[in-house]
Amino acid sequence: MTNDIILETRNLTKHYGGVHALQGANFTLRKGEHVAIMGDNGAGKSTFVRQITGVEQRTRGDVIFDGKPVFFENPMDARNAGIETVFQTLALADQLDVPDNLFLGRELVKFKFGPFSILDYKAMRERTMGALEKTGVKIPNIRGTIERMSGGQRQCVAIARTATFHSKLTIMDEPTAALGVQETAQVENIIRTLKEAGEPLILISHNMRQVMDLCDRIVVFRRGRICANLDIKNNDITGEDVVAYITGAKTQPEYADAA
Amino acid sequence: MTNDIILETRNLTKHYGGVHALQGANFTLRKGEHVAIMGDNGAGKSTFVRQITGVEQRTRGDVIFDGKPVFFENPMDARNAGIETVFQTLALADQLDVPDNLFLGRELVKFKFGPFSILDYKAMRERTMGALEKTGVKIPNIRGTIERMSGGQRQCVAIARTATFHSKLTIMDEPTAALGVQETAQVENIIRTLKEAGEPLILISHNMRQVMDLCDRIVVFRRGRICANLDIKNNDITGEDVVAYITGAKTQPEYADAA
Amino acid sequence: ETIGVSMALFDDNFLTVLRNGIQELADGMEGVDVQIEDAQNDVAKQLDQINNFAASGVDAIIVNPVDTSATEAMTKAAADAGVPLVYVNRQPINVDTLPDNQAFVASNEIESGTLETFEVCKMLRAMGKGGGAKAYVMMGELSNQAAVQRTKDVEDILGIDMCNFITVVDQQTANWSRDEAQDLMTNWLSTGEEFDAVIANNDEMAIGAIQAMKAQGLDMAEIVVGGVDATQDALAAMQAGDLDVTVFQNAAGQGGGALDAALRLSRGEDVDQKVYIPFELVTPANVDEYTSKN
Amino acid sequence: MSETSHGIGGLSFDAKKRAWPNEMNVFIALIAIIVIFEILGQVLPYMKGQSLLFDFNTNRDGTILNMVRLKIIILQVSIIGIIAIGSTQVIISGGIDLSPGSIVGLTAMVAMSFAQTALVNGNPNPKAIFGEAWMDLPVIVPIVVAIAVGTFAGLVNGLLVAYTRIPPFIATLGMMVAARGAAKWWSKGQPISFPTEPFGAIGNGMSGWSPVVIFIGLAILFHFILKYTVYGKHTYAIGSNEDAARMSGIKVDRHKVLVYTIAGILAGLSALVLASKNLTAQAGMGVMYELDAIAMTVIGGVSLAGGRGSIVGTVLGALIFGVIISGFTYLRLDAYYQEMVKGIIIVAAVVLDQWRRQRAAARA
Amino acid sequence: MSETSHGIGGLSFDAKKRAWPNEMNVFIALIAIIVIFEILGQVLPYMKGQSLLFDFNTNRDGTILNMVRLKIIILQVSIIGIIAIGSTQVIISGGIDLSPGSIVGLTAMVAMSFAQTALVNGNPNPKAIFGEAWMDLPVIVPIVVAIAVGTFAGLVNGLLVAYTRIPPFIATLGMMVAARGAAKWWSKGQPISFPTEPFGAIGNGMSGWSPVVIFIGLAILFHFILKYTVYGKHTYAIGSNEDAARMSGIKVDRHKVLVYTIAGILAGLSALVLASKNLTAQAGMGVMYELDAIAMTVIGGVSLAGGRGSIVGTVLGALIFGVIISGFTYLRLDAYYQEMVKGIIIVAAVVLDQWRRQRAAARA
Ligand SMILES: Nc1ncnc2c1ncn2[C@@H]1O[C@H](COP(=O)(O)OP(=O)(O)OP(=O)(O)O)[C@@H](O)[C@H]1O
Ligand SMILES: Nc1ncnc2c1ncn2[C@@H]1O[C@H](COP(=O)(O)OP(=O)(O)OP(=O)(O)O)[C@@H](O)[C@H]1O
Ligand SMILES: [Mg+2]
Ligand SMILES: [Mg+2]
């Protein structure tokens, strides 16, 4: 049964100077499970993701990934360990074009020679077309630089990057925030495909409908603490209930100290 | 009746090299009217806003604001003329704190002496608290720099900045994209207050419910052109109809060339 | 006793010999310490160094002035601190009003360019070019006093009757540098203009010009090249028949003289306030006397 | 504290945990360097227990401090320090200025030409640039000239940066080369000397403390301007995010012109003090001063990316330089090693600052 | 074109309207400057109809081109050009390198010490640094030494920038000061001369073309590396958005070390060519080379903000410098005006580029 858990955090805490952004987060994710994180702005959701993926170093607490305690020095370590992330800030290189961004850090090469390996531009371009189609976004010229893309186009490039590579865990921080109606539907399809493939996912979103549709469970953050863990697939939980937890009108008994 | 129109664009067009981002947009906004702009990612909505507010110079076409043709050299000209804008990119100074950002470019001073006027920090701080309360956002330390704020906190600062100052026209480009459930509700309240005060508004949003709730009219962009102008308050138009216009399943006859 | 020394520049061939002269002499004496600093050609830095020496309580200061017009403030600084001061190598502008505990051991900069140019003029005449000859002039760094002075010497000599058969085709700066001189010379060569002499403000530039001319296949016996400093490289070039004129200055002698004066002033003894050390002309005829001097 | 926490249900915020000001790091570095020198003075045998700042055989003056050394420590960085004040605001605005060293050279030459005295020891001035009528002018003339030259050069920098949108590095590099050329051209490379007495007082007055007084006075003035005026706020805003500043309605271009012009004026003032203190002006004056000024600024915690830093930091950075230079002479460090060690200390000071900041950020 | 347009219902995109490459602007600037010089040659009375690039009285060699001038135009920028190749990749990666000029000085001194010949005109070498046993070594020794010194200095720069996170401006400024100090210390300020003949051939071989061949060869190599290898792609990515590059899994720190090390190696190679071409090494060699190299780079269209630029642009920027220097001599421009005009041309070239780009962006 412990074998079943892909990610666990114990007492994960992050302080920025005097700001206690994340306090004592205990969180578990089973293999194949899709969990949503919800909460007010500034509740500590992105901070939680940054601690897991090694963007920052935690103040204290443990992260156990795939059965082993991990200390990722940087996001690359996390990615090598099998965690793919769409960050809220997207992490795109503005002056590069779409295929360059999609394959940043894992370029396809024609000829291997350490850092001086020769790039296979054609193959990367072709695979990019395929990856973008999945998100449904329209980009007039994929050889244009990212700085010329609209907000939604950028977000789709970031999502396509994550969805192109297999991973043990996918984390998406507000992936559809800037997306249009159609593109949102496509990204939700991508998430469903992950579910069918049994790949676990952490989805941060403010969109109640989306979360209710896509996820098995909702974890609610409030004031830097987890205040609820709601099994929406099995129990009878409504949007109003979730909002009550978010606003602080309700707190689950096991998280009483978050009140 | 012409007196009634606060903003009009005629044949407004913007090309970026070979990319035709906006083509022949004819748009009118009456005093007191709240109009939503919807459309796919990359449809040209933000481009439209950038041409009106002088962030960029249009390729061709006219902008008539408050009865006079205008050519804003830069966003400051537009603001001086009475257009307040929340840009999609937010336009915040990362290393400054919240009050500094709120009053950027129109600081309160204790003693006037050209550029060397002396700042009134206390007054700015007090008015900041008031402005933030309206958006419902929680910021642990308003003297912290913007770079330390979460995505939603930043967005609320940008909205507070716009809402604090009276204007002849307010433009908001996806203001609630990164906002939580509560904060979204608050910002929607701000918009309703504007409506009651008779201040006109252009709202870009991908959120169908929000648009249906708040606006009088929806203008749909597709592939850089306007393809529909839907009077939702007076006619019977559903979300499905709007989606059909967005996706291209339908086009209004008067915009046939956008098909 | 501790003597503070402020040198105008460390990475200068001639001043290095002078500096080593001071150092070696001090090393040979019992109980004499010298502390040598590099003013990096900055007059303000040099003044600060004098003040720093004063703060550290040295017994006397030797200054190789970056610029001789800046010596008034230095004289004043040392006098205010009551520390004896000796100028070396370059004659200070306030030479006639130095206080009693200050002195100088120097050469007169006007001589070097004059000796060089006059010798070039004589050689050209001897080659039978008295009817008309053309020369290029290579200047040192334009903000440097020696460069300005030596260039003026060239103009003065070419103005006298005996030498006014020489016309200057062009004069440009190569900033004391062999590399820039090479490039400058090649640029001159690319104009196709005929010429008979190259007069350079120092040996490094003269050697750069020679290298460029040789690369272009010119016969060095036909062209008179002059420099100043008598560096080892220059003497070797002269022995090889490429360089025709240079000017020697007794660096080690100046250094030794300055240290001696400084020590005596610090003990309150009497010294000659003005010691002139003349420049000496070096030509292929007497070059062998100089190969072991610098 | 109600003013620092807002809204219902926000994160808990511990207001007592105030951020440690960045200037504190620089101050600690300064103290550390002084302490190292003092220890070396006691430990190294040939130093015979000398001290950098103290004077135990109080034969020279009444105080226990070595006043001569204290004075030279700050005096020798005052002139570059004045430039560094200008560089601080340029760098905070997100720019860089490579030209002040050359502007100093040019301004010194031009201003000194209007400060010459007619008679030197009873003889006519041997370095005269203009005719008699232009000699022995009131001291205000060279001062005005210096400010005018500095203003002009800074204005050109500012106009280039603001309106052609070329990188400041290039605009000011062009000015660096051109102004140095102009300095050499002005009197064909000849130094200009023998100023009038009132002119000499600018850099030598108050028993030699006047450069220090001018530097500190300007530092206090600009500290106030940067922290408490609209000018200062806009300078930080532009350095923080130029696009945002523009979209917020700041007249970015006009502001930049002002920033570079002020830097030019400060370079002009610095030239005035320099020429007066040395009683001469030379075309080669000020070479590399810009790099020292930038180094002082960065050691003082100003970020080259713009938007961060303060005058207090820069003054502390300048003091670190002063202590190093005097410390080397006091230790009788061989000149060959001085440059190597100076390079290492510049880097070490910034590394220390960086390290302290990272630790501060990481600390709970 | 299907590969450049994607998805249903995208914007209309006119693929024929290709972006005009930035290098084109630089090329136009180069041609414009040449044309101006040619016109001045015809127009100015004292020039007597001379030409910059052509030679109408074909008495010197068979061609109509002035081969000597063509050679010197590129020869005189080859040595700084080699440095500029290194600076190009450093700047594209978002950094800056102020140290190559000093690294050149240090490397030249050290390498030359291992390239000395025992006999000069039959006498023992008067500038000997080491004993006899260290003279007349095979030419590979100084070459390896130069590469080693350059590698070491570059590596230190890279480690400082990557692992202490101090700004590259400061790390390399420290190296600039320290390496210059080391160069002076190496032989106590004495120049080192009289190399062996094979060593002299490095910078003088191929009838003097060898520096040009080395420069162009390295330029082609690095053009290829920057455009077609992972190294190049990561360099652009880091310069474009360092955080993004880090989050995307690029080993940013390791990569930066490599970038600065390569810049150091190129500075070492440049020193080798310089010392060989001049048959001497001096501690003052290479002063200010870094600024000229950066100026060439920026004139060539490389953005100091990082992420943009190319080797082709830098080579064109270097040629602009070469044409200016030769053009001044050809026009016999008074030395006192040369620097002023050079400063103006540097700025004008970049302004032109900027202006063309803005027009290109504004054009429909
Ligand atoms: N500077 C530019 N250069 C080239 N193309 C550009 C530039 N700016 C925008 N575009 C292109 O113009 C199109 C319209 O962009 P715009 O930002 O207006 O979209 P949008 O409707 O606001 O989309 P979103 O909902 O994603 O914000 C996009 O295809 C984008 O790639
Ligand atoms: N570097 C930092 N320094 C100080 N405070 C920080 C820093 N980063 C984040 N914070 C604070 O930590 C809190 C949590 O931020 P976080 O980004 O995790 O919020 P979030 O839950 O992701 O919000 P959103 O929904 O708006 O993205 C916020 O109050 C923010 O101001
Ligand atoms: Mg977040
Ligand atoms: Mg948009």
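Every number here is computed from the coordinates shown, using simple stated rules; none is lab data. Predicted, not measured: the structure shown is a model, and the values here were computed from it. Note that each Cβ is placed from the backbone with ideal geometry, even for glycine, and that neighbours are counted across all protein chains shown.
Figures for the structure shown
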{"read-out": "Degrees between helix C:13-27 axis and first principal axis of chain C (Cα, 0 to 90, nearest 10)", "value": "30 degrees"}
{"read-out": "Distance between modelled label sites at D:VAL213 and E:ALA118, nm, 7 Å Cα→Cβ extension", "value": "6.9 nm"}
{"read-out": "Per-residue Cβ neighbour rank within 10 angstrom, fewest leading, D:HIS223, E:HIS234, B:HIS34", "value": "D:HIS223, B:HIS34, E:HIS234"}
{"read-out": "Other-chain or far-sequence residues with amide H under 5 Å of D:GLN50's (modelled H)", "value": "none"}
{"read-out": "Calculated [θ] (222 nm, deg cm²/dmol) that DSSP helices of n ≥ 4 give over the protein assembly as shown, each run adding -39,500 (n - 2.57)", "value": "-16000 deg cm²/dmol"}
{"read-out": "Cα gyration tensor shape for the protein assembly as shown, rounded if a/c is under 1.5, else prolate or oblate", "value": "prolate"}
{"read-out": "Centroid-to-centroid separation of the range A:83-134 and the range A:1-73 [C-alpha atoms, Å]", "value": "28 Å"}
{"read-out": "Antiparallel bridge percentage (DSSP; both residues within the protein assembly as shown; nearest 5)", "value": "45 percent"}
{"read-out": "Test item: B:117-123 mean partner chain Cβ contacts at 10 Å", "value": "3"}
{"read-out": "Using θ = phi - 60° and Karplus 6.51 cos²θ - 1.76 cosθ + 1.60, couplings along the range C:206-218 (whole Hz; Gly, Pro as x)", "value": "4, 5, x, 4, 4, 4, 5, 5, 5, 4, 8, x, 7"}
{"read-out": "Chain C: angle of helix C:251-266 to the longest principal axis, Cα-based, in degrees nearest 10", "value": "20 degrees"}
{"read-out": "Of B:LYS112/D:LYS227; E:LYS127/E:LYS277; B:LYS45/D:LYS256; A:LYS134/A:LYS168, pairs whose Cα-Cα distance is over 24 Å", "value": "B:LYS45/D:LYS256"}
{"read-out": "Principal axes of the range E:141-246: Cα extent on each, largest first, Å", "value": "52, 35, 19"}
{"read-out": "Loop-located chymotrypsin sites (Phe, Trp or Tyr not before Pro) in the range B:1-108, at most 15 other Cβ atoms within 10 Å (DSSP)", "value": "B:PHE71"}
{"read-out": "Choice from D:VAL141, D:VAL323, D:VAL68 with maximal GNM fluctuation in chain D (Cα, 10 Å cutoff)", "value": "D:VAL68"}
{"read-out": "Degrees between helix C:110-126 axis and first principal axis of chain C (Cα, 0 to 90, nearest 10)", "value": "20 degrees"}
{"read-out": "Where GluC sites (Glu not before Pro) fall in DSSP loop in the range A:1-93, at most 10 other Cβ within 10 Å", "value": "A:GLU73"}
{"read-out": "Long-range amide H partners of C:SER107 with built H, under 5 Å", "value": "C:ASN89, C:ARG90, C:GLN91, C:ILE277"}
{"read-out": "Exposed trypsin sites (Lys or Arg not before Pro) absent - longest run of chain A, DSSP non-H/G/I/E/B, at most 12 other C-beta within 10 Å", "value": "A:113-232"}
{"read-out": "Quotient of C-alpha Rg and 2.2 N^0.38 Å, computed over chain C", "value": "1.07"}
{"read-out": "Antiparallel bridge percentage (DSSP; both residues within chain B; nearest 5)", "value": "55 percent"}
{"read-out": "Label point 7 Å beyond Cα along the C-beta direction, distances from E:ILE39 to other copies (nm, shortest first)", "value": "6.8"}
{"read-out": "Positive minus negative residues near C:GLN171 (Lys, Arg vs Asp, Glu; Cβ under 10 Å)", "value": "-2"}
{"read-out": "Förster-model FRET efficiency, 41 Å R0, B:GLU240 and D:PHE27, C-beta, rounded to 0.05", "value": "0.05"}
{"read-out": "Contact order normalised by residue count of chain E, Cα under 8 Å, 6+ apart, percent", "value": "30 percent"}
{"read-out": "In nm, spacing of pseudo-spin labels at D:PHE224 and C:THR167 (7 Å Cα→C-beta vector)", "value": "6.6 nm"}
{"read-out": "Tensor-based shape of the range B:1-67 (alpha-carbon gyration tensor, a/c under 1.5 rounded, otherwise prolate or oblate)", "value": "prolate"}
{"read-out": "Projected-area average for the range E:284-356 over all orientations - Cα convex hull basis, square nanometres", "value": "5.8 nm²"}
{"read-out": "Scattering curve values for chain D, log₁₀ I(q)/I(0), Debye with Cα scatterers, q = 0.07, 0.08, 0.11, 0.15 Å⁻¹", "value": "-0.36, -0.46, -0.83, -1.30"}
{"read-out": "Semi-axis lengths, Å, the range B:113-259, gyration tensor of Cα atoms, sqrt of 5 times eigenvalues", "value": "36, 16, 15"}
{"read-out": "Centre separation in Å (Cα based) which lies between the range C:140-186 and the range D:282-361", "value": "39 Å"}
{"read-out": "Among B:GLN153, B:GLN51, B:GLN182: highest mean-square fluctuation, GNM of chain B, C-alpha pairs under 10 Å", "value": "B:GLN182"}
{"read-out": "Shielding of A:153-162 by partner chains, average beta-carbon count, 10 Å", "value": "1"}
{"read-out": "Highest-MSF residue in chain D out of D:GLY122, D:GLY313, D:GLY343 [GNM, Cα springs under 10 Å]", "value": "D:GLY122"}
{"read-out": "Once the Cα gyration tensor of chain A is diagonalised, semi-axes √(5λ) in Å", "value": "32, 21, 17"}
{"read-out": "The range E:25-99 and the range B:195-212: distance between their alpha carbon centers, rounded to Å", "value": "61 Å"}
{"read-out": "FRET efficiency, 1/(1 + (r/R0)^6) with R0 30 Å, evaluated for C:ASP33 and C:LYS274 via beta carbons", "value": "0.65"}
{"read-out": "Fraction of beta bridges assigned by DSSP in chain C that are antiparallel (%, nearest 5)", "value": "10 percent"}
{"read-out": "Long-range amide H partners of A:LEU22 with built H, under 5 Å", "value": "A:LYS14"}
